[in-house]
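Only one structure is covered here, and it is reproduced in the block below.
The values are calculated or read from the model by the stated rules, or taken from the named source; none is laboratory data. Just so it is clear, the model here is predicted, and its values are computed rather than measured. Neighbour counts run over all protein chains shown; Cβ positions are idealised from the backbone, glycine included.
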Amino acid sequence: MESSKNANRVANDHEGHAGSEAEGRNVFLLACACAALAYGVAWLLPNYARLAFAIGAIISVLPFAQKAVAKGRRGSPFSIETLVTTAVIGALPIDAGAEAVVVVALFSLGELLEGFAAARARSGLSALAELLPSTAIIEREGKRVEIPVSSLTIGMTVLIAGGDRIPADGIVIDGRSDINEAAITGESRPVAKGIDDQVFAGSINGDGNLRISVNKDAANSVVARIGKLVEEAQESTAPTARFIDSFSSYYTPAAILIAALVALLPPLLAGGDWAVWLYRALTVLLIACPCALVLSTPAAIATGIATAARNGILIKSGAALEALARIRIAAFDKTGTITMGHPVVTDVVGDVLSLAAALETGLAHPVARAIVAEAEKRGIAVPAATDVAIRQGEGVEGMVGTRRVELLSPRATASLEGAQASSIQQLEKEGKTVAVLVVDNEIRGYIACRDEPREDAVPAIRALTALGIRALMLSGDNQRTASAVAEPLGIEAFGELMPADKLERINQLKAQQPILMVGDGVNDAPALAMASLGLAMGGGTDVAIETADIGLLKDRLTGVADAIRLARKTRRTILVNIIIAVGLKLVFLVLAVFGITNLWTAILADTGATILVTVNALLLFWTFRATPEGRVTTTERVR
């Protein structure tokens with residue numbers, strides 16, 4: 001299992017602190033065995049007690065001494081291992097071997113807990129590798145052949161039976177089924193998939209049989225890339241962690257200096273007992289071990305990133321996670337982000353759908369597709385059309401039976417006046433595209449279409465508002481269309497923005513407060529890069545992984561609020577951890593100087609603080625849940 005390096009990313013003196021979880025467990029068991037044997041010898045052979053404790057302490061502290069020497073050679077002489085080794089060795093001449101051997105056991109327990117924190121934070125991610133089946137069934141020369149998943153290449157056709165896991169990312173070329181994508185995107189309900197739909201490796205097929213064409217090999221599947229992304233994110237150092245790294249480089253030598261002063265000044269200046277003050281100095285040295293402090297931030301960051309990934313939110317670095325907690329403005333692209341990305345029929349006036357769909361069947365224009373889809377949705381019979389021709393800039397015409405049918409823009413329609421003209425103008429003011437149906441030169445009615453907001457747009461904006469986030473929309477569409485989409489959502493709209501204008505607007509907003517740009521990750525790439533943070537929606541998963549600071553696998557706007565909630569919760573966890581770590585140190589340091597604590601309580605304090613910050617960090621993983629409906633509880637409203 002991976003080491004806890006992701007949770008203990010301290011620049012020099014804490015690198016490789018806990019080793020692997022197995023290594024930490026072995027060191028802990030060795031320390032416990034040494035302590036048990038030493039106490040056993042002391043009980044059976046009291047005359048050899050001092051020797052037994054000394055040997056037990058030396059053997060058990062050897063792994064930490066070796067690490068201290070290795071780090072010293074790399075230019076980091078003031079490591080935590082140095083503090084522990086010095087304190088244990090210094091305890092032997094003053095006959096504190098019984099305490100020293102227990103100190104090492106307790107310290108190794110703290111090390112094991114740190115490894116446990118990182119391992120638990122990563123457990124859900126390491127499980128990604130186990131989502132893929134080991135073999136796949138492909139079609140080769142008309143026959144079914146079973147091959148290893150690692151042998152799959154782009155363009156191969158894979159057969160997926162009902163209930164099987166999908167072995168590779170691909171496009172459905174035959175069949176329909178409901179796919180369980182919970183392990184990949186966090187989507188709780190099965191997603192209907194049909195021809196031309198994307199499916200992800202590791203998803204579970206429902207009852208239907210599918211044939212998919214592989215479009216990514218195993219190394220580049222969503223599963224593989226998620227794992228790589230999150231591993232890189234957890235290994236990155238967040239700003240708070242970098243501050244603690246820098247602080248620790250001064251803290252450790254300062255702790256050694258204070259311990260030296262405690263040992264020397266009272267005996268030299270006030271005639272104090274050397275053994276008493278040396279013991280207190282060693283206690284100070286052990287209390288000063290900053291295990292909990294250096295763990296406080298990286299443990300929370302690693303857990304926060306892992307928790308985000310489990311909920312379909314990909315955060316590329318600890319810096320991005322911390323910056324997300326400070327966001328106060330969320331700017332959304334319109335098409336494909338706030339809206340569905342394609343027009344749908346909103347108004348039908350007159351009995352026109354059947355004839356309109358007859359003309360539009362087979363055409364690739366988005367409005368044509370919307371009209372055909374609406375006819376199918378309503379179960380309307382669509383007759384065949386002949387001699388269909390596109391009139392450039394005006395519409396389409398053709399013959400349906402013996403009738404000449406035209407579907408035209410209002411500007412291309414003759415004799416459009418009165419109530420009809422007024423109604424169409426009103427629809428266009430609402431940002432809708434209107435097509436007028438003319439049969440044998442007589443207007444029969446009209447159809448209006450618009451790229452409508454997503455179903456979850458309203459709850460998403462409400463969730464952001466509850467978090468104190470100002471939401472707005474940046475669009476290249478005309479201001480009328482942009483306002484028509486934004487006003488029902490209760491957000492500001494800035495329309496008619498060319499790419500350069502959009503960047504200028506983001507710069508202006510960023511100068512006021514930290515801004516999050518939310519887009520589809522393709523045409524919004526410059527804006528995503530210009531903003532304080534960029535978040536790409538799940539509709540462009542590949543681009544989300546490659547370009548933005550944050551990506552959503554779940555193609556839901558409510559994920560934006562979820563990401564910010566998690567970031568703020570992670571920030572609170574970091575603050576609480578630092579308070580716990582520093583507060584306990586200060587209290588016990590004062591007590592140690594006055595002789596109220598001993599070596600045992602010193603290391604118990606350090607181990608206790610480590611346990612507390614570990615558990616507090618893991619609470620993120622155990623308690624955070626995404627809210628697809630966009631609901632935000634009162635306790636989560638952080639202004």
Test: T283 is modelled with pLDDT under 80, in a helix (DSSP H, G or I) and either assigned by TED's automatic domain parsing to the domain that holds T607 or surrounded by fewer than 21 Cβ atoms within 10 Å (Cβ to Cβ) (or both): yes
Determine if the stretch 351-362 includes at least one residue that is surrounded by 24 or more Cβ atoms within 10 Å (Cβ to Cβ), in contact with a strand residue (DSSP E or B) (Cβ under 9 Å, 6 or more places away or on another chain) and either β-branched (V, I, T) or not assigned by TED's automatic domain parsing to the domain that holds K432 (or both). no
Could you check E322 against (1) in contact with an Asp or Glu (Cβ under 7 Å, 6 or more places away or on another chain); (2) not in a loop (DSSP other than H, G, I, E, B) and say which number it fails? (1)
Residue among V485, V434 that is among the β-branched types (V, I, T) and assigned by TED's automatic domain parsing to the domain that holds L407: V434
Looking at Y39, Y48 in this structure, which one is modelled with pLDDT of 75 or more, surrounded by 15 or more Cβ atoms within 10 Å (Cβ to Cβ) and not hydrophobic (A, V, I, L, M, F, W, C)? Y39
So, in the stretch 325-367, exactly how many residues are within 38 Å of the chain's Cα centre (by Cα) and either more than 30 Å from K510 (Cβ to Cβ) or of a type in the set (S, T, Y) (or both)? 12
Residue check, V439 among the aliphatic types (A, V, I, L, M) and in the same structural domain as L416 (by TED's automatic domain parsing): yes
Could you say which residue among G155, G208, G163, G202 is part of a loop (DSSP other than H, G, I, E, B), at pLDDT 75 or above and touching a Leu at 6+ places or on another chain (Cβ under 6 Å)? G202
Some residue of the stretch 360-371 being at pLDDT 85 or above, touching a Leu at 6+ places or on another chain (Cβ under 9 Å) and not aliphatic (A, V, I, L, M): yes
Exactly one of (1) of a type in the set (A, V, I, L, M); (2) free of Cβ contacts under 8 Å to residues at least 60 places away in the same chain; (3) closer than 18 Å to A358 by Cβ is unmet by A414. Its number? (3)
May I ask you to verify whether I301 is at pLDDT 90 or above and more than 30 Å from E406 (Cα to Cα)? no
Looking at (1) in contact with a helix residue (DSSP H, G or I) (Cβ under 8 Å, 6 or more places away or on another chain); (2) crowded, with 24+ Cβ neighbours inside 10 Å, which is the one condition that is false for E322? (2)
Number of the exception - N180 against (1) of a type in the set (S, T, N, Q); (2) modelled with pLDDT of 75 or more; (3) within 30 Å of E23 (Cα to Cα): (3)
Within the stretch 325-356, take every residue that is assigned to a helix (DSSP H, G or I) and at pLDDT below 90 and give me the one that is farthest from A486 (Cα to Cα). G336
Just to be sure before I move on: is V590 at pLDDT below 75, assigned to a helix (DSSP H, G or I) and more than 21 Å from A457 (Cα to Cα) in the structure I sent? no
Residue under question is A626, and the condition is that it be modelled with pLDDT under 80, surrounded by 20 or more Cβ atoms within 10 Å (Cβ to Cβ) and part of a helix (DSSP H, G or I); does it hold? no
Options I380, I469: the member that is assigned by TED's automatic domain parsing to the domain that holds A331 and touching a residue at least 24 places away in the same chain (Cβ under 8 Å): I469
What pairs can you find where one residue is in the stretch 31-51 and among the charged types (D, E, K, R), the other is assigned to a helix (DSSP H, G or I), and their Cβ atoms are less than 8 Å apart, with a gap of 6+ or different chains? R50/G97
Looking at the stretch 19-78 only, could you name the residues that are part of a loop (DSSP other than H, G, I, E, B) and either of a type in the set (K, R) or within 40 Å of the chain's Cα centre (by Cα) (or both)? G19, R74, G75, S76, P77, F78
Only one of these is out of contact with any Asp or Glu (no Cβ under 9 Å at 6 or more places or on another chain), within 30 Å of T465 (Cβ to Cβ), modelled with pLDDT of 75 or more and aliphatic (A, V, I, L, M): A617, A581. Name it. A617
Scanning the stretch 367-414 residue by residue, those closer than 18 Å to E442 by Cα and of a type in the set (S, T, N, Q) turn out to be T402, S409, T413
